[in-house]
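Peer 1: Okay, handing you the structure first.
The values are calculated or read from the model by the stated rules, or taken from the named source; none is laboratory data. Since we're looking at a predicted model, the values are computed, not measured. Counting neighbours? That spans all protein chains shown, and the Cβs are built from the backbone with ideal geometry, glycine included.
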Amino acid sequence: MENTERFLIEGGNRLYGEVAASGAKNAALKLVAAALLAPGRTTLRNVPRIKDVNTMRAVLDGLGADSELSGTTLTVDAGSISSYTAPYELVRQMRASIVVLGPLVARFGEAEVSAPGGCNLGLRKFNFHLDGLRALGAEVELDHGFIKATAPGGLRGAEVSFEYPSVTATENVMMAAVLAHGRTTIENGAREPEVVALAGFLNEMGASVEGAGTGLITIEGVEELRPVDHEVMPDRIEAGTFIMAAAATGGDVTVLNAVPEHLKMELDKLREMGVEVERVGGEPGGLRVWVDDPLDLAGVDVSTLPFPGFATDLQAQMMVLLTQTSGVGIITENVYENRLQVAEELNRMDAGIDLFGGHRALVKGPRSLSGTIVESPDLRGGAALVMAGLVASGATAVDGAHHILRGYDGFEEKLSSLGANVAFETGTEAALKS
């Protein structure tokens, strides 16, 4: 019998209390890859305990690095790399694996990475990565599903201009350029907080990166980098998920480690709806969010865009919140063409969402969602379905929980600590109930 994983939710409870955001998935994965740039032992603290981190560790272990995870502290020793190939069976699980390409070519002059897989979010092109490395002087070819890059004479600084501010391509080129000869400029680079965090990490290692967080990043190549001890930034998407879940249930939740500057557009939209949001001081600080009654909230229109726009990774959660408000909201997805497929699962819960042209959704609230069995289409869509289960009447089963486990550390424990009735089932026990 096929093993399966699912979340079981009994709806109707408001969320109350305090919860802490873990380390950021989208930062931690890139820092693990960047550890390849320096021989010796790099220590990363506040690493989320999620499947994607385990996958990235497996990629590095396959290259000959030695990694150990104790609690939320990960050490990576990249002193004895013996392979430059990231295999298909790992890369297909997680597209972010492609970011080992830049560090391997920069330090060793060669790399081979399977063409990426991961969430089914549509045509996430990797040609930006290839073009960026070619600009730095690497010879890059796509051969039988593998990306092969070589630079036997080393990389050289160049001007790299992206037609779209791809996060992982910006990070890949940044990591390649730190050991290149001369100056590299990245125009129209991604401005996400995780890019800024990676630049800070590289600079701690001895790199010279300026302008991260703006559209123009300048990198002066250096001869070598050294391993460091570094704390991973908090996860803004996890924080945003708890914030929106609190609002949808009419709760009162303080999310520790939530950084307002990382969620500016999302918080502006929540305030526009009528959600109460305040910054919480002290250490570690965070955000308190509360709603007396979701029916008092108004619908808003949301368009996803690269940072500092509304994050595509919080679009599905906003869709669920809009089902509980009074009014109409239009969501326009501009980043991933398949991101709206979660609406079809929400409609099985009687969300009544209308889709237009595959990239626009009309959400009319308030809707009384009803619990049923739904299938997680991807990481963030899965989290949104769990969130929908919190506000639905009756029981909801979210199958395909492996998607959610890729990016949320202790999701059911954290929700349960806020008063949610959530359980996680794995193996034949869940399969028998399907």
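Peer 1: Could you list, in sequence order, the residues of the stretch 171-211 that are of a type in the set (Val, Ile, Thr) and over 19 Å from His230 (Cβ atoms)? Don't jump to the end; show me each part of the working.
Peer 2: First pass over the stretch 171-211, keeping only residues of a type in the set (Val, Ile, Thr): 173, 178, 184-186, 195-196, 209.
Within the stretch 171-211, Val173, Thr184, Thr185, Ile186 qualify.
Peer 1: Taking Gly62 and the conditions (1) outside the structural domain of Ser370 (by TED's automatic domain parsing); (2) at pLDDT 95 or above; (3) small (Gly, Ala, Ser), which numbered condition does it fall short on, given that it satisfies the others?
Peer 2: Among (1) outside the structural domain of Ser370 (by TED's automatic domain parsing); (2) at pLDDT 95 or above; (3) small (Gly, Ala, Ser), the lone unmet condition for Gly62 is (2).
Peer 1: Could you please give the count of residues in the stretch 134-186 that are at pLDDT 95 or above, farther than 18 Å from Gly109 by Cα and of a type in the set (S, T, N, Q)?
Peer 2: 3
Peer 1: What do you reckon, is Thr372 in the same structural domain as Leu297 (by TED's automatic domain parsing), in contact with a Gly (Cβ under 6 Å, 6 or more places away or on another chain) and hydroxyl-bearing (Ser, Thr, Tyr)? Even if it seems obvious, please write down each step before you answer.
Peer 2: Details: in the same structural domain as Leu297 (by TED's automatic domain parsing): yes; in contact with a Gly (Cβ under 6 Å, 6 or more places away or on another chain): no; hydroxyl-bearing (Ser, Thr, Tyr): yes.
The answer is no for Thr372.
Peer 1: Out of all the residues in the stretch 28-53, which are among the charged types (D, E, K, R) and in contact with a strand residue (DSSP E or B) (Cβ under 9 Å, 6 or more places away or on another chain)?
Peer 2: Once the filter is applied, which keeps residues that are among the charged types (D, E, K, R) and in contact with a strand residue (DSSP E or B) (Cβ under 9 Å, 6 or more places away or on another chain), the stretch 28-53 yields Arg41, Arg45, Arg49.
Peer 1: With respect to Asp292, is the statement that it is assigned to a loop (DSSP other than H, G, I, E, B), modelled with pLDDT under 95 and surrounded by fewer than 24 Cβ atoms within 10 Å (Cβ to Cβ) true?
Peer 2: For Asp292, the condition - assigned to a loop (DSSP other than H, G, I, E, B), modelled with pLDDT under 95 and surrounded by fewer than 24 Cβ atoms within 10 Å (Cβ to Cβ) - is met.
Peer 1: Return the only residue of Asn54, Asn46 being of a type outside the set (Val, Ile, Thr) and out of contact with any Leu (no Cβ under 9 Å at 6 or more places or on another chain).
Peer 2: Asn46 is the lone residue from the list that is of a type outside the set (Val, Ile, Thr) and out of contact with any Leu (no Cβ under 9 Å at 6 or more places or on another chain).
Peer 1: Right, another one. For Val253, are the conditions met, namely being touching a strand residue (DSSP E or B) at 6+ places or on another chain (Cβ under 7 Å) and part of a strand (DSSP E or B)?
Peer 2: Yes, satisfied.
Peer 1: Residue check: is Leu270 part of a helix (DSSP H, G or I) and assigned by TED's automatic domain parsing to the domain that holds Ala388?
Peer 2: yes
Peer 1: Please verify whether Glu68 is among the acidic types (Asp, Glu), closer than 19 Å to Phe146 by Cα and touching a strand residue (DSSP E or B) at 6+ places or on another chain (Cβ under 9 Å), treating the condition exactly as stated.
Peer 2: So Glu68 does not fit the description; no.
Peer 1: In addition: Looking only at the stretch 30-72, how many residues end up being within 23 Å of Ala239 (Cβ to Cβ) and over 22 Å from the mean Cα position of the chain (by Cα)?
Peer 2: Total satisfying the criteria: 0.
For every residue, the table says whether it meets (1) within 25 Å of the chain's Cα centre (by Cα); (2) modelled with pLDDT under 95; (3) under 22 Å from Lys51 (Cβ atoms).
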| position | (1), (2), (3) |
| --- | --- |
| Val320 | yes, no, no |
| Ile331 | yes, no, no |
| Gln341 | yes, yes, yes |
| Leu346 | yes, no, no |
| Asp354 | no, no, no |
| Pro366 | no, no, no |
| Leu369 | no, no, no |
| Glu375 | yes, no, yes |
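Peer 1: When the stretch 33-60 is examined, which residues are found to be more than 24 Å from Ala169 (Cβ to Cβ) and among the β-branched types (Val, Ile, Thr)?
Peer 2: Thr43
Peer 1: Those residues that are more than 19 Å from Ala397 (Cα to Cα), among the small types (Gly, Ala, Ser) and free of Cβ contacts under 8 Å to residues at least 40 places away in the same chain, I need them from the stretch 324-351; list them, please.
Peer 2: Residues satisfying the conditions are Gly327, Gly329.
Conditions (1) touching a residue at least 60 places away in the same chain (Cβ under 8 Å); (2) not assigned by TED's automatic domain parsing to the domain that holds Gly102, marked per residue:
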| position | (1), (2) |
| --- | --- |
| Gly213 | no, no |
| Thr249 | yes, yes |
| Val255 | yes, yes |
| Glu266 | no, yes |
| Gly274 | no, yes |
| Val277 | no, yes |
| Val280 | no, yes |
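Peer 1: While we're on this one: For a quick check of your reading: which strands (runs of 3 or more DSSP E) sit entirely within the stretch 316-434 and have at least 2 residues that are surrounded by 17 or more Cβ atoms within 10 Å (Cβ to Cβ)?
Peer 2: 327-332, 360-365, 373-375, 395-399, 421-427
Peer 1: Then there's this: Listed residues Pro234, Pro193; which is under 24 Å from Leu405 (Cα atoms), under 16 Å from the mean Cα position of the chain (by Cα) and surrounded by fewer than 24 Cβ atoms within 10 Å (Cβ to Cβ)?
Peer 2: Pro193
Peer 1: To continue, here is another question. Would you check which residues across the stretch 27-59 are surrounded by fewer than 24 Cβ atoms within 10 Å (Cβ to Cβ) and part of a helix (DSSP H, G or I) and list them?
Peer 2: Hits for the stretch 27-59 are Lys51, Asp52, Asn54, Thr55, Arg57, Ala58.
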